[in-house]
Amino acid sequence: METHRSDGPYNEGMARRVTTIEERIALLEHAPRATSDEATTLTDGRRLDSREAVEAWLAEDVRARQAEEAQ
């Protein structure tokens, strides 16, 4: 289970599950851009070397988790 730690004045130390692609993207909103030689390579060989590649992978992951939870 993936969680996002919320550190605000009213939810100090609270953690909640990240469930949507939009929430995951929001977590990465302020992350620095990767350099041209910096990319995650998945076990199936796909490189997450662009925003589009990451968004596609995250959407796929969210769909898989939702399908798993629906069972």
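The values are calculated or read from the model by the stated rules, or taken from the named source; none is laboratory data. Keep in mind that what you see is a predicted model, and the values were worked out from it rather than measured. All Cβ positions, glycine included, derive from the backbone under ideal geometry; neighbour counts span all protein chains shown.
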Considering residues that are at pLDDT 90 or above and of a type in the set (Gly, Ala, Ser), the number found within the stretch 34-55 is 2
Is it the case, given these coordinates, that residue 55 is under 13 Å from the mean Cα position of the chain (by Cα) and surrounded by 15 or more Cβ atoms within 10 Å (Cβ to Cβ)? yes
Contact list, first residue from the stretch 7-33 and at pLDDT 65 or above, second anywhere and of a type in the set (Ser, Thr, Tyr) and surrounded by fewer than 11 Cβ atoms within 10 Å (Cβ to Cβ), beta-carbon distance below 8 Å, six or more apart or interchain, is 17/3
